[in-house]
1. Which one is right for this structure if Cα Rg over 2.2 N^0.38 Å is calculated from it: (i) 1.00; (ii) 0.95; (iii) 1.41?
2. Please compute the contact order of the stretch 2-85 in relative form: average sequence separation of alpha-carbon pairs under 8 Å and at least six residues apart, divided by the residue count, as a percent.
3. Translational D (Stokes-Einstein, µm²/s) of the stretch 147-222 at 10 °C and 1.306 mPa s when Rh comes from the Kirkwood sum over C-alpha pairs?
4. Based only on Cα atoms, what mean projected area does the convex hull of the stretch 2-85 have, in nm²?
5. If you take the Cα Rg of the stretch 202-258 and divide it by 2.2 N^0.38 Å, with N the number of residues, what do you get?
6. Multiplying the sequence separation of residue 156 and residue 94 by 0.36 nm and subtracting their Cα-Cα distance, what value in nm do you get?
7. Assuming a viscosity of 0.890 mPa s and a temperature of 25 °C, what translational diffusion coefficient in µm² per second does Stokes-Einstein assign to the stretch 36-80, Rh being the Kirkwood radius over Cα pairs?
8. Taking the convex hull of the Cα atoms, report for the stretch 28-181 its projected area averaged over all directions, in nm².
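Any read-out appearing in this document is the output of simple, stated calculations on the displayed coordinates, not a laboratory observation. These numbers come from a predicted model, not from an experiment. Using ideal geometry, Cβ is built from the backbone for each residue, glycine included, and neighbour counts are taken over all protein chains shown.
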């Protein structure tokens, strides 16, 4: 589906992230993404941070000039939306560990809400550079999830990376699945910790995208296209993919080390 919509709400979630809400009748599931276009500017892939009902939403972190302009959009402005695209999280688990780093919490929050509505236990390891950047902490807590945090500067919770919190939780609890989104190096460490605990991991991948149709090769990840084969990947599918956690592609498609 492709259409133009008016932005109905703009919420400053953290100093670096903004949520835009808009009416969009297309059905969407947790884990999927849309392509958002600002008239006269570029089109960017955005994970859906709100999926239920006719009102959808994306949560935008400043990564470049276009995302900065998207953040400044005011209610009433028109944007183009096409999608949703990609696969989704499997919501059948009864106990889930959610590990979010930075803006990765945006795609994990609607999945956590959906599985909580089915009665599952959700524990969240939430990481950020500082306390003010902890994205959707209140949202996770309001859905009844248990939340433990980590900040790089120690301003709240564990001082250091969220992977240390995830390792502690995996040692203390038994989970059916781990869902994670964030920097690929972080997700690699989560996979290693969960593998030691014997728990399957599902990663929501964030890569540069241009077409969202598997044609342009911009989001290539080894043998996969993140837009059509993902963005949610079982860790077993990523095993042996040499690019994972080591290389990404720039806007021109050139392979670049992280």
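1. For Cα Rg over 2.2 N^0.38 Å, the calculated option is (ii).
2. 41
3. Estimated diffusion coefficient is 113 µm²/s.
4. 4.8
5. Details: Rg = 10.4 Å, N = 57, 2.2 N^0.38 = 10.2 Å.
The stretch 202-258 yields a ratio of 1.02.
6. Computed gain between residue 156 and residue 94 is 19.4 nm.
7. Rounded, D is 218 µm²/s.
8. On the way: hull surface 37.9 nm².
If you wrap the Cα atoms of the stretch 28-181 in a convex hull and average its projections, you get 9.5 nm².
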